[in-house]
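Here's the structure, in structure tokens; my notes come after.
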Amino acid sequence: MAWNIGANDVANAMGTSVGSGALTLKKAVIVAAVLEFSGAFLVGSHVTDTVRKGIVDPMMFKMNPEILMFGMLASLLAAAIWLQVATYFGLPVSTTHSIVGAIVGFALISGGVDAVNWSKLWTIVASWVVSPITGGVFSFGIFTIIKSKILNVEDPIHATKKLAPYLVSSVFFILTLVLLFKGLKQLHLDMSLTEALQIATIVAIISGVISSFFIKRFLNKRIRNDHHKLKQNEKTLLLKQQLNESQELLNHSENIADETVQWKIKRIQSDIEDCLEDISRRSSGKIDSDESETFSTIERVFIALQIISACFVAFAHGANDVANAIGPMAAVISIIKTNSVIMKVSVPLWVLGLGGVGIVVGLATWGWRVIETIGKKITELTPTRGFSAEFGAATTIVIASKLGMPISTTHTLVGSVLGVGMARGVASLNMVLIRNIFMSWFITLPAGAILSVIFFSIFKIIWG
């Protein structure tokens, strides 16, 4: 299960960064591996609910704890297999919905219709609509603002210097809240909304002031480089003019008996051609030797912001969503040790570590499949578009966390990418792939449930 969380869910967080070219696939895997494992192992849930999301009341298994144990094993296996099928086809689906659907399946077969908390389940179904629409709206708005205030103005460099510090402050404000509400909630800091806002505001102000200095310095340097390139272009034109003149002179000197003059002219031409080639090589070149693509000055500012966003989201995801894998496993271990059902069970440190390792291995092996879908197949992404999608998704997560909105991180991010694509027009979207993704979302709950029923029945026959 952890392997498939890494292959499917983690890939969502890094997909936009790879698709926009902000990170190479190799770098994205390394960054996500470090942060996901850190989040899962350091601040992952050390105490978890016996049954995830309150879908089933664990006390109904008080007299037969082994039924709950078989159910948790069946749920883990069912959710993992469905995720593996979805990942194979590059379809981003919700790992939380997968495990919830699996738990519903074993609950129905073991306790009947009344065993399922249907009101809770309907909030999850509602997230199929709420998550992508909310994420899409925020991302559409953010990218529209960036286009109108930075990309489509007469002097985008000046606009970036003016607005970037405020943009950075907003990013750190939202991401700090993401970390407090989602990534660190397992630490039970008992922090009020006011306290969280105060911390986020302080971080935002500090980051805005610091970023203002570095961004202006970076942009001024780029402006000097652009001025230098302009001078090089002027020099190139002058040399080309000299080359043409020398060629004309050479044509008229064919009747001149003095071969020395002809040789000197040809040597001058050769020198000019070498100089032109050198200037062309310098001015056309790469941003640095390690990168295969070049980006405009403005887009490069957003590369840094996008990588920062991806890092925050990866850490928060590792801390929060590893429970989808270790929660049921911790319940099984607790039942084996105590032969009883406990509402909340402690998670052994080695189980947290196992979950973290599983996530990293999944990302490193099959993560590229979903990364390719999110980053390249839905719509074409650039650093500004990728940043808008990630920032829109992070904003949605913060608001949903405090308003109690039913939301899925996966669905939110996919919706955010769609929102960025819509800002460029429907023609820029891969509608066939989007249809397949939506279908996989609706299939997730019943697929997990059906597989869980099958495995639960097999376990009961073998060990019951």
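A few points about this structure:
- Residues that are at pLDDT 85 or above and either over 22 Å from ALA40 (Cα atoms) or aromatic (Phe, Trp, Tyr) (or both) within the range 342-374 comprise TRP350, TRP366, TRP368, ARG369, GLU372, THR373, ILE374, listed in sequence order.
- No other residue among SER401, SER416, SER440 is farther than 19 Å from ALA7 by Cα and at pLDDT 90 or above apart from SER416.
- Filter result (under 27 Å from VAL100 (Cβ atoms) and either surrounded by fewer than 24 Cβ atoms within 10 Å (Cβ to Cβ) or among the small types (Gly, Ala, Ser) (or both)) within the range 378-396: ALA389, GLY392, ALA393, ALA394
- Leading residue by the ranking (modelled with the highest pLDDT) among those in the range 32-57 that are part of a helix (DSSP H, G or I) and either touching a Lys or Arg at 6+ places or on another chain (Cβ under 6 Å) or surrounded by fewer than 18 Cβ atoms within 10 Å (Cβ to Cβ) (or both): VAL34
- Criterion violated by LYS161 - all others in (1) of a type in the set (D, E, K, R); (2) without any contact (Cβ under 8 Å) to a residue 24 or more places away in the chain; (3) more than 28 Å from MET329 (Cα to Cα) satisfied: (2)
- Scanning the range 412-433 for residues that are among the β-branched types (Val, Ile, Thr) and either within 12 Å of VAL93 (Cβ to Cβ) or crowded, with 18+ Cβ neighbours inside 10 Å (or both) yields THR412, VAL414, VAL417, VAL420.
- Taking first residues from the range 200-220 that are farther than 24 Å from ALA394 by Cα and partners that are among the hydroxyl-bearing types (Ser, Thr, Tyr) and modelled with pLDDT of 80 or more, the Cβ contacts under 8 Å between residues at least 6 apart in sequence or on separate chains come to LEU219/THR160.
- Within the set SER148, SER131, the sole residue that is touching a His at 6+ places or on another chain (Cβ under 9 Å) and either closer than 17 Å to ILE407 by Cβ or assigned by TED's automatic domain parsing to the domain that holds ASN12 (or both) turns out to be SER131.
- Selection from the range 344-383 of residues that are more than 15 Å from ALA2 (Cβ to Cβ) and touching an Asp or Glu at 6+ places or on another chain (Cβ under 7 Å): LYS344, THR382, PRO383
- Residue within the range 151-165 that is over 20 Å from LEU413 (Cα atoms), in contact with a Gly (Cβ under 6 Å, 6 or more places away or on another chain) and surrounded by 15 or more Cβ atoms within 10 Å (Cβ to Cβ) present: yes
- Some residue of the range 378-395 being within 21 Å of ALA13 (Cβ to Cβ), of a type in the set (Ser, Thr, Tyr) and at pLDDT 90 or above: yes
- Hey, ILE326 modelled with pLDDT of 75 or more, more than 30 Å from SER207 (Cβ to Cβ) and assigned by TED's automatic domain parsing to the domain that holds PHE61 or not: yes
- Test: GLY136 is among the small types (Gly, Ala, Ser), touching a residue at least 60 places away in the same chain (Cβ under 8 Å) and either surrounded by fewer than 20 Cβ atoms within 10 Å (Cβ to Cβ) or closer than 19 Å to HIS411 by Cβ (or both): yes
- Test result for GLU390, assigned by TED's automatic domain parsing to the domain that holds LYS149, acidic (Asp, Glu) and either within 30 Å of MET69 (Cβ to Cβ) or assigned to a helix (DSSP H, G or I) (or both): yes
- Of all residues in the range 294-343 being in a helix (DSSP H, G or I) and hydroxyl-bearing (Ser, Thr, Tyr), the one that is surrounded by the most Cβ atoms within 10 Å (Cβ to Cβ): SER309
The values are calculated or read from the model by the stated rules, or taken from the named source; none is laboratory data. If you're wondering where the values come from, they're calculated on a predicted model, not measured in any experiment. When we count neighbours, we look across all protein chains shown, and the Cβ atoms used for this are built from the backbone with ideal geometry, even at glycine.
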